1. Could you work out the relative contact order of segment 543-679? I mean the mean sequence separation of Cα pairs under 8 Å and 6+ apart, divided by the number of residues, in percent.
2. What percent does the relative contact order of the chain come to when contacts are Cα pairs within less than 8 Å and at least six residues apart?
3. Pull up the cross-link candidates among the lysines for LYS513, meaning alpha carbon to alpha carbon under 24 Å and not fewer than 8 places away within one chain.
4. Roughly how tilted is helix 232-246, in degrees to the nearest 10 and between 0 and 90, from the longest Cα axis of the chain?
5. Just the isolated ones, please: cysteines in the chain lacking another cysteine beta carbon under 4.7 angstrom.
6. Test of understanding: what is the full-extension gain from ASP508 to GLN199, defined as 0.36 nm times their sequence separation minus their Cα-Cα distance?
7. Quick one: give the max-minus-min coordinate of the C-alpha atoms of segment 107-183 along each principal axis, largest first, in Å.
8. Probe radius 1.4 Å, ligands and nucleic acids ignored: give me the carbon and sulfur share of the accessible area of the chain as a rounded percent.
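The values are calculated or read from the model by the stated rules, or taken from the named source; none is laboratory data. All values reported here derive from a predicted model rather than from experimental measurement. Here the Cβ positions follow ideal geometry from the backbone for every residue, glycine too, while neighbour counts run over all protein chains shown. With ligands, DNA and RNA removed, areas are computed over all heavy atoms of the protein, side chains included. Shrake-Rupley method; radii C 1.70, N 1.55, O 1.52, S 1.80 Å.
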Amino acid sequence: MQLPAAAPAEHIVRAACPHDCPDTCAMLVTVREIDGRRVAVKVAGDPSHPTTHGVLCTKVSRYLERTYHPDRILHPLRRVGRKGVGRFVQVTWDEALDDIAGRLERIAAVDPQRIVPYSYAGTMGLVQGEAMASRFFHKLGASFLDRTICATAGGEALTYTLGTRTGPAMEAFADSRLIVLWGTNAIASNLHLWSFAQQAKRRGAKLIAVDPYRSDTAEKCHQHIALLPGTDGALALGIAHVLIREGWLDRDYIDRYTLGFDALAARAEGFPPHDVAQICGISASEVEQLARDYWHIRPAAIRLNYGMQRVAGGGNAVRAVACLPALAGHWRDPAGGVLLSSSGVAEVDGDRLYRPGLLAGRSPRTVNMSTIGEALAHADPPIEALIVYDSNPVAVAPDSRTVAAGFAREDLFTVVLEHFRTDTADYADYVLPATTQLEHLDVHKSYGHLYVLANNPAIEPLGAALPNAEIFRRLAAKMGFTDPCFAETDDALAAQAFRRSGTTAKVDWEQLKQAGWQRLDVPLPYAPFAQGGFPTPSGRCEFYSQALADLGVDPVPDYVPPNEGPTSNPRRAARFPLAIISPPARNFLNSTFVNVTSLRDTEGEPTLQIHPRDAALRGIADGDHVRVFNDRGEFELVARVTDRARAGVVVALSIWWKKLAADGRNANEVTSQALTDIGRAPTFYDCLVEVAVR
């Protein structure tokens, strides 16, 4: 894989996009020597990478603006003002780490479980994500963090059904004849899969969007099924009902490769299209037609995304959808099946990378990141120290008012590793400057395709910034951790990531650094379950899961209604009659990129899309400043009256930094800390509100 030619005095560095996106793009960074220092002057997609195809999204195309942003934190900072105000003074690394180590040692002497790490996917890199950090917290004996905030409901549900997290290759969608984009605005959050879907569309494929909101993606599909939030499980069971009723079943596949068909058929019997239509707020004919298309148009691929599992019944909904390809036999074709995540294909060598042996037999308690507000208020033993990296919980965690109150505790010692003064950084006792992707080394797997990637550092760290791994390495030294694993370099860490034998990731790290990317050792074409082979306890696609039954959970997929809905909670629905969802804004990625001026200017200001009927009932006109509220909190936006939001649902594209919103608040003011049926995950889209002119 030869690099494109660079101009004189320039060279090109192979890199990888680090962000929480299934596309995990291969990047080429053009570097120029200026005044004896390497300067990145261009970031582009790698045209040789089979899924990137030389194209980056609008966000990562602006990565230089983020790396060289004038507001970058480039030196350690110590708080001097009240928590939340964001007043700091610059200190040296030794001053910061000496004080941090001393504070942690004193807390750990009482009980190390009072120290909690808080991180997620600010980088998806295996080195700068959790490698050295996990070693540090294992040695310390700190609390475990249950990292649930995005994907565990769907991921665990998929594993209970299929045995792993995998699906058709991204490239194979170009050969599908029917593509159901279920709960995904692929144009904003899965751009490269969308390009393959467009190829399929040009070849005559039918594209159907299932989404409460007419997103950019839904607008470009042949059909949009605008169901109510939290009712996806009912729709999936309604499809199963029609398939079974009509005999549209691959009986051979079911008999050979599935378990529990009779139990699933009995469950689906209770979901005739008329009843499903009532639950979902759609027509019975839409249920019938979707089932008809799903059987007759072959091969059919479902791109299932995580938005639809952020409700009370999210796990069951994913299980119900994941059963459909086995019923109809779509797994037989590489361009058929369901793709939620491919993360199970590339197996990381966790024992080498994360060193759980450093726990030395201890079993610390687990804190759920999705209920950090509750934990900061009521955990026993209390949380006395938080180390936050790769996350911005004050902006992104549910029930934000409670979260902010917890972070404001004067007796809570908080350290934040960051690039910028985020909402969370404003509450820190110390803010430590972290490097961006252009400044450090890393190795990446993907949850959307079948390639591993290397990220080579393109430039030296700016200012006094350090990679996450180096910060934890230095902190370990300050605390007297002398185990040899704490001296390993980032290069050594990356080389260990896929060292375990017998896996699909047969990676030679030195070769990967040179090549930039490598396909996993899986067949081409990739049809993971064409002949069964599900890595479940039974070896079959489990419509009935004994593992769930053993946990006291319904072993057969069911429809679990929203916690906050007109039928499940009519008194609440009477007070707060509108469901709110907050899908990703096209120019942001969770709370990342919100402070990049060009992207924020493109996005404009926080807006609320509301259906004309709902607006008229409330006397709301387009452009009005409105208040969105419930008993948990409120926030303000500008109304956009549009039928892109279906009646009964309002849409607030997110996630804005609170400090960059006019009222200092965002959509998580109104979300709750309730968790999903499977996976202990948040229920961001299971939320009722009322809207009024400000």
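1. Across segment 543-679, relative contact order equals 24 percent.
2. Values: 1650 pairs, mean separation 142.5, N = 694.
About 21 percent, as a whole number.
3. Within the straight-line limit of under 24 Å, LYS513 reaches these lysines: LYS42, LYS445.
4. 30 degrees
5. So, CYS21, CYS57, CYS150, CYS221, CYS280, CYS323, CYS485, CYS541, CYS687.
6. Result: 107.9 nm gained on full extension.
7. 62, 25, 21
8. Values: 11970 of 23990 Å².
Exposed carbon and sulfur together represent 50 percent of the surface.
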